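Read through the structure below, which is laid out as structure tokens, and then see the notes.
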Amino acid sequence: MKKFLTKIVFYTFFILLIGNVTAYLSLYVLGKSQLYKNQFVKNGVAATQFDYVVLGSSTGLTTLDTKLIDEKMHTSGLNISMDDTSLSSHYLMLQYFLSLGKKTNQLVLCVTPGDLQNPKVELNNNDYRFLTEVQDSLVYNYYNRLEDKGLKVLTYSKFFPILGISYYNNELFYPSFYAFLKPNKRNRFDDKGNYTYPQITNNISKVGFATSKTNYVNPSFLKIKKLCQQKGIELIVYQSPIYRTKVVFPTTNEFKIINHSEILPEDLFYDNIHVNSKGRTFCTLAFCEEMKLLK
């Protein structure tokens, strides 16, 4: 019986060892790639000084085209937005961007009214993409602080990477093979971090006209504002178009606001909160005109 239990312990230890080594290699390969936005910022962006960066969720990713902005404004910009995230992830991304020794004169923060007035700081669906940097105290502390339910899969992946790789196998383990073969391949964004939705309108849900009033209560937004002040970065809050919705912001002198919630013709929406490729061009050109007025 003792010999049997010894074998069980040995084989269990061996399997866990092999699993953790495999998981570590998966994260290592992904960490050297450009597949997700944080890896792209680290490995795919040689420049360290920018005139501006665009930061947000999918609306930031798809509404403002930094290539077109640079062409019209003669600037150097980068889109570091990541889809399916909120202000808590944006704050992490900004901190990570700066920790790499990169700098920007302006931060164009793409917001949504609901996120701005959300008093809770929460994990987001795509935060697992930072697992490649879990050894970094910045990322580890973020996970440790926000994982408050059940097993802390992301947090404990610092010590047992098999946890995160097993839980997010479709998003991390299998893509690591692809990243090994094509380390410079990016996941739905171009060499300036932009993405666009196609020219279709059948994703729109018809709704009545509405007004959405928001406020600056999100703790992560307040941290972003403070970090910008500390680093001498000019904060510009950008509201992208929302289908048949007018967003109203409280008046403030602390930062500039570009409110494009109502500017877009209805045929240039992809869905109720995203623009299509023609809508992106429309919004980008309008943004350039606003930026000229802010100078």
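Here Asp148 does not qualify as assigned to a loop (DSSP other than H, G, I, E, B), of a type in the set (Asp, Glu), farther than 17 Å from Leu55 by Cβ and at pLDDT 95 or above.
Only residues that are assigned to a helix (DSSP H, G or I) and either open to solvent by 10 Å² or more (accessible area, probe 1.4 Å) or free of Cβ contacts under 8 Å to residues at least 40 places away in the same chain (or both): list them for the range 125-141, please.
Within the range 125-141, Tyr128, Arg129, Thr132, Glu133, Ser137, Leu138, Tyr140, Asn141 qualify.
Whenever a residue of the range 223-252 is without any contact (Cβ under 8 Å) to a residue 40 or more places away in the chain, its partners that are open to solvent by 10 Å² or more (accessible area, probe 1.4 Å) and basic (Lys, Arg), lying with C-beta atoms within less than 9 angstrom and at least six residues away or across chains, give the pairs Tyr243/Lys206; Arg244/Lys206; Val248/Lys213; Phe249/Lys213; Pro250/Lys213.
Of the residues making up the range 225-236, none is polar (S, T, N, Q), buried (at least 16 other Cβ atoms within 10 Å of the Cβ) and not in a loop (DSSP other than H, G, I, E, B).
So that you can scan it fast, the table gives a plain yes or no per residue for (1) within 19 Å of Glu234 (Cβ to Cβ); (2) surrounded by 17 or more Cβ atoms within 10 Å (Cβ to Cβ); (3) touching a helix residue (DSSP H, G or I) at 6+ places or on another chain (Cβ under 6 Å):
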site: Thr251; (1), (2), (3): yes, no, no
site: Phe255; (1), (2), (3): yes, no, no
site: Pro265; (1), (2), (3): no, no, no
site: Asp271; (1), (2), (3): no, no, no
site: His274; (1), (2), (3): no, yes, yes
site: Ala286; (1), (2), (3): no, no, no
site: Glu289; (1), (2), (3): yes, no, no
site: Leu294; (1), (2), (3): yes, no, no
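Of the listed requirements (1) within 29 Å of Gln34 (Cβ to Cβ); (2) part of a loop (DSSP other than H, G, I, E, B); (3) in contact (Cβ under 8 Å) with a residue 60 or more places away in the chain; (4) open to solvent by 30 Å² or more (accessible area, probe 1.4 Å), Phe180 misses just one: (2). Do the conditions hold for Val111, that is, is it among the β-branched types (Val, Ile, Thr) and in contact with a Ser or Thr (Cβ under 7 Å, 6 or more places away or on another chain)? So Val111 does not fit the description; no. In the set Asn194, Asn259, Asn215, Asn187, only one residue is polar (S, T, N, Q) and open to solvent by less than 20 Å² (accessible area, probe 1.4 Å); that residue is Asn194.
Please verify whether the range 93-113 includes one or more residues that are free of Cβ contacts under 8 Å to residues at least 60 places away in the same chain, open to solvent by 40 Å² or more (accessible area, probe 1.4 Å) and either assigned to a helix (DSSP H, G or I) or aromatic (Phe, Trp, Tyr) (or both). Yes, the range 93-113 contains a residue that is free of Cβ contacts under 8 Å to residues at least 60 places away in the same chain, open to solvent by 40 Å² or more (accessible area, probe 1.4 Å) and either assigned to a helix (DSSP H, G or I) or aromatic (Phe, Trp, Tyr) (or both).
The values are calculated or read from the model by the stated rules, or taken from the named source; none is laboratory data. Because the structure is a prediction, the values reported are computed rather than measured. Heads up, the Cβs are rebuilt from the backbone with ideal geometry, glycines too, and the neighbour counts pull from every protein chain shown. Each accessible area value is taken on the protein alone, full model and side chains, heavy atoms only, with ligands, DNA and RNA left out. Shrake-Rupley method; radii C 1.70, N 1.55, O 1.52, S 1.80 Å.
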